[in-house]
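The values are calculated or read from the model by the stated rules, or taken from the named source; none is laboratory data. From a predicted model like this one, the values you see are computed outputs, not experimental measurements. Virtual Cβ from ideal backbone geometry, glycine too; neighbours counted across all protein chains shown. Accessible surface areas use protein heavy atoms only, side chains included; no ligands, DNA or RNA. Shrake-Rupley method; radii C 1.70, N 1.55, O 1.52, S 1.80 Å.
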Amino acid sequence: MASVTLENVTKRFGNVIAVNGVTLEIKDEEFIVLVGPSGCGKSTTLRMIAGLEEVTEGNIYIGSTLVNDVPPKDRDIAMVFQNYALYPHMDVYNNMAFGLKLRKYPRAEIDRRVKEAAQMLGIENLLDRKPKQLSGGQRQRVALGRAIVREPKVFLMDEPLSNLDAKLRVQMRAELSKLHHRLRTTTIYVTHDQTEAMTMGDRIVVLRDGIVQQVGEPLEIYEHPNNVFVAGFIGTPPMNFLNCVLRREDGKYYLDGVAFKLPIPEEKAARFKNLGPYIDKEVTVGIRPEDIHDKKLTANPPEEWCIKAMVDVIEPMGAETYLYLSIGEHFMTAKVDPRTDAVDGEPYEVMLDMNRIHLFDRDTEERIE
């Protein structure tokens, strides 16, 4: 086991900066997730840690060892790829054993490790099958088994679940989490799926255009996003953003959206230390869909928090219903109780929980503290 440290790591491909000055300390035994949209630099960062890409600037340490010039085979890491990368002519046993054979491990040790990993992953009965005889989930387990038998200092996983169907992805997320709790191997996991990031990571690293936007525990990032990008990326459905003018009248703060005017509760306003410079200026207001409620199904809703919106689309999801709403020039998604009697194309009253709003600078898109 080992920590992984990145110091001001940059990667350029010609004139393109794929990773820009990433500094990150990953603790021993930690499960950390690099998340972001396609092209944000997460896989490139992983490949630099693995040694598959050279670092243009900066340093990478595994434990206390600087590994910038250490070849991949000597970094004591194991990587699980998106496409599984299994040898089609070998059975499961030999796919898992192949790396150990190359390193000339004794036959008895190879056999012990392969059988232990197979039992851990529930694939003992598949050891004599070829990859083409396996389902996607079984192939994924074999790829994991091949990494586990190495007993490396660090696991690197590059979108390993993206080829699986939705139900199997959920199952394998849980399996990977259980596996990490059992092995306690430092794991760096790359995904574009924020649900995977939220449910699996001890900490999340949110990347955009090669730059780290925020690092923190899942709920910390969910509750206190640094900027509009992070706020919109983390959460399903994504956070709603409304452009409003911040007003101060009779000692109280209001958000003026032309089609509505909503007061900020005094207790909430008191938590913001720097609202003064934004008075009579446009700010970006963020509110999550789960913080917008069906007025009829809310006990004692404050009238001043309620607005009448037009229902554009209704999506029943079973345990909840999504309402796509328009209020003047503003559009919002609400996640409401499935008992709602909202009707497509009809006006409907919803309540915005003003204690749960987020405010962002309109120009910089940074969080207003």
Would you check which residues across the range 154-180 are outside any strand (DSSP E or B) and among the hydrophobic types (A, V, I, L, M, F, W, C) and list them?
LEU161, LEU164, ALA166, LEU168, VAL170, MET172, ALA174, LEU176, LEU179
Could you please find all residues in the range 230-240 being touching a strand residue (DSSP E or B) at 6+ places or on another chain (Cβ under 8 Å) and either surrounded by 19 or more Cβ atoms within 10 Å (Cβ to Cβ) or among the basic types (Lys, Arg) (or both)?
VAL230, ALA231, PHE233, ILE234, MET239, ASN240
Flagged pairs (Cβ under 7 angstrom, 6 or more apart or on separate chains; first in the range 256-280, under 22 Å from GLU349 (Cβ atoms); second open to solvent by less than 50 Å² (accessible area, probe 1.4 Å) and part of a helix (DSSP H, G or I)) are LEU262/TRP305; LEU262/MET354; PRO263/MET354; ILE264/MET354; PRO265/MET354; LYS268/MET354
Among the strands (runs of 3 or more DSSP E) contained in the range 181-240, which hold 1 or more residues that are in contact with a His (Cβ under 9 Å, 6 or more places away or on another chain)?
186-191, 211-216
Go through the range 9-35 and give me each residue that's basic (Lys, Arg), more than 20 Å from the chain's Cα centre (by Cα) and open to solvent by 70 Å² or more (accessible area, probe 1.4 Å).
ARG12
Within the range 15-31, residues part of a loop (DSSP other than H, G, I, E, B) and either closer than 18 Å to ARG47 by Cβ or in contact with an Asp or Glu (Cβ under 7 Å, 6 or more places away or on another chain) (or both) come out as GLU30
Looking at the structure I just gave you, is GLU267 in a helix (DSSP H, G or I), out of contact with any Asp or Glu (no Cβ under 7 Å at 6 or more places or on another chain), modelled with pLDDT under 95 and open to solvent by 10 Å² or more (accessible area, probe 1.4 Å)?
yes
Those residues of the range 104-157 which are basic (Lys, Arg), loosely packed, with under 15 Cβ neighbours inside 10 Å and free of Cβ contacts under 8 Å to residues at least 40 places away in the same chain amount to LYS104, ARG107, ARG112
